[in-house]
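Structure first, then comments.
Values in this text are rule-based calculations from the coordinates and carry no lab data. The structure displayed is predicted, hence computed values, not measured ones. Cβ sites come from the backbone with ideal geometry, for glycine too, and all protein chains shown count toward neighbours.
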Ligand SMILES: *Cc1c(COP(=O)(O)O)cnc(C)c1O
């Protein structure tokens with residue numbers, strides 16, 4: 001019985017895969033938030049280094065991973081791919097289930113794959129300090145680790161309520177040398193304005209983004225960094241899927257179905273794009289399924305149109321599936337999935353029916369996470385349990401139909417900082433959340449951003 005399929009350090013991919021090269025329909029261009037005209041590289045230059053702006057629009061199929069980035073990757077990559085024998089047995093399914101495990105990274109998720117790359121390019125262009133926002137702290141901790149590796153300063157604006165409720169992620173960021181500021185803060189105009197209006201504001205991701213962006217836009221040596229949604233972020237994550245392609249080959253298998261949880265699209269892109277490539281270029285028919293929360297169902301119930309990436313409306317307009325940038329998802333425990341929109345690439349692929357999506361209630365997800373922990377040992381991040389729930393659905397369907405499907409999913413992070421979520425589940429405090437049509441359309445109806453043909 002082979003449980004895990006391991007690669008050598010020398011197997012770490014030398015290039016990221018850029019799916020833009022193989023998409024049948026190109027994406028619509030991002031638009032300037034003020035003029036509503038397509039933006040150029042110079043519009044993004046105050047916030048991002050030029051190399052990342054180039055990658056954002058690159059049509060090159062393969063983008064070389066710098067040696068310095070691969071050297072840091074070696075601290076935890078290649079990551080293992082497991083055959084989930086115990087889960088298969090527990091479900092009594094003819095399906096074969098495999099999972100790629102990204103929880104072995106220092107920050108405990110897939111996010112360092114892009115954090116390390118982004119910090120490297122910033123440093124190469126002379127940037128001394130980065131700013132970012134974080135909700136529950138997963139992105140903030142990944143970027144703290146990466147900045148520490150390359151000797152850059154980092155300021156993290158952390159949503160105030162999480163800052164007080166999730167102190168351990170903050171301590172993690174401090175350990176890697178980052179400064180963590182509860183947002184709204186008195187350190188920026190945006191923060192001071194909010195505090196003047198509501199001194200007790202618990203903060204939000206939108207406010208934290210405004211603070212971090214203001215800092216970068218007003219300091220020459222400081223740039224801003226984002227952990228999902230953008231094209232270059234999705235591309236960096238393909239390092240994990242490219243490893244998985246090799247590992248599935250070593251296992252003598254090829255997936256019929258690839259599954260990942262979906263927040264802004266980065267870990268989904270990471271595992272699925274390298275397999276989707278076989279559909280786009282070799283006529284394979286892998287089903288790639290994004291698993292989103294029913295309380296924030298942009299892929300299954302959102303609208304494809306231009307919308308802002310942030311709540312406030314400062315970012316470029318992105319062609320995306322969205323619930324409206326002012327949509328406030330119910331406070332479910334999978335914080336990383338509570339985002340109103342989806343990245344442009346994933347949105348175009350969904351529109352072209354090249355990928356699929358399923359929405360799940362949180363009780364089904366926690367049940368799936370507990371089954372998985374009892375079968376395979378790892379306690380998954382609440383985000384990751386959404387993927388596990390889809391895997392269980394598909395494995396049971398395979399059993400019903402008597403078809404031995406091969407399923408691969410991305411276990412994108414462990415849940416060891418999320419025990420309070422599991423505690424709430426065990427205490428019966430969690431509920432499913434059914435969005436009414438009214439709630440669903442409330443913010444779409446008032447959107448005045450450009451629609452698409
Ligand atoms: C951030 C995060 C997500 C959601 O972000 P994506 O960009 O969609 O991957 C999902 N799972 C974990 C563990 C995360 O940290």
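Kindly express, to the nearest 10 degrees and within the range 0 to 90, the angle between helix 362-376's C-alpha long axis and the longest C-alpha principal axis of the chain. In the chain, helix 362-376 runs at an angle near 50 degrees to the longest axis.
Based on C-alpha pairs under 8 angstrom that are at least 6 apart in sequence, the chain has a relative contact order of 19 percent. Counted over all Cα-Cα pairs of segment 298-421, pairs farther apart than 23 Å make up 42 percent. Whole-percent P(r), segment 235-321, all Cα pairs, 5 Å bins from 0: 3, 13, 18, 21, 18, 13, 8, 4, 2, 0. Legend: Rg and Dmax of segment 201-250, from Cα coordinates, 17.0, 52 Å. Against the longest alpha carbon principal axis of the chain, how many degrees, from 0 to 90 and to the nearest 10, is the axis of helix 138-150 turned? Long axis of 138-150 versus the principal axis of the chain: about 80 degrees.
Peptide packing for 83-94, 423-434 was compared via the average number of neighbouring C-beta atoms within 10 Å per residue; ordered from the highest value, the list is 83-94, 423-434. Anisotropy class assigned to segment 134-227 is oblate, per the alpha carbon gyration tensor with a/c at or over the 1.5 cut-off and a/b no larger than b/c. Shape of segment 95-164 from its Cα gyration tensor (a ≥ b ≥ c, root eigenvalues): rounded if a/c is under 1.5, otherwise prolate when a/b > b/c, or oblate? Oblate, since a/c reaches 1.5 and b/c is not below a/b.
Rg over Rh for segment 221-380 works out to 0.98, both radii taken from alpha-carbon positions and Rh defined as the Kirkwood radius. With 0.36 nm allotted per residue and the present C-alpha distance subtracted, the residue 282-residue 22 stretch has 92.5 nm of extension available. Under the simplified labelling scheme, the residue 437-residue 330 pair shows an inter-label distance of 1.9 nm, with each label point 7 Å from Cα along Cα→Cβ.
Legend: translational diffusion of the chain by Stokes-Einstein, Rh = Kirkwood radius over C-alpha pairs, 4 °C, 1.567 mPa s; D = 59 µm²/s. Angle, helix 112-124 long axis vs. longest principal axis of the chain, Cα atoms, 0 to 90°, nearest 10? Taking Cα atoms only, the helix is inclined about 40 degrees. For segment 270-313, what is the convex hull volume of its Cα atoms per residue in Å³? Here the figure is 127 Å³ per residue.
Normalised size of segment 165-276, defined as Cα radius of gyration per 2.2 N^0.38 Å with N residues, equals 1.46. Give, to the nearest whole percent, the P(r) tail of segment 41-196 beyond 26 angstrom, counting all Cα pairs. Everything past 26 Å amounts to 40 percent. Shape analysis of segment 225-273 based on the Cα gyration tensor places the equivalent ellipsoid semi-axes at 23, 11, 6 Å, largest first. Reported value for segment 275-350: 101 Å³ per residue, from the convex hull of its C-alpha atoms.
Over the chain, DSSP H runs of length four or greater, each weighted -39,500 (n - 2.57), average out per residue to a 222 nm ellipticity of -12500 deg cm²/dmol.
Of the DSSP beta bridges with both residues in the chain, give the percent that are antiparallel, rounding to the nearest 5. Just about 35 percent of them are antiparallel.
Taking label positions 7 Å along the Cα-Cβ direction at both residue 164 and residue 9, the computed distance is 4.6 nm, reported to one decimal. When the Debye formula is applied to the Cα atoms of segment 368-409, each taken as the same point scatterer, what base-10 log of I(q)/I(0) results at q = 0.15, 0.22 Å⁻¹? Listed by q, the Debye log ratios stand at -0.37, -0.71. log₁₀ I(q)/I(0) of segment 367-453 at q = 0.10, 0.26 Å⁻¹, via Debye over equal Cα point scatterers, no solvent, to two decimals? Per q value, in the given order, log10 I(q)/I(0) is -0.43, -1.24.
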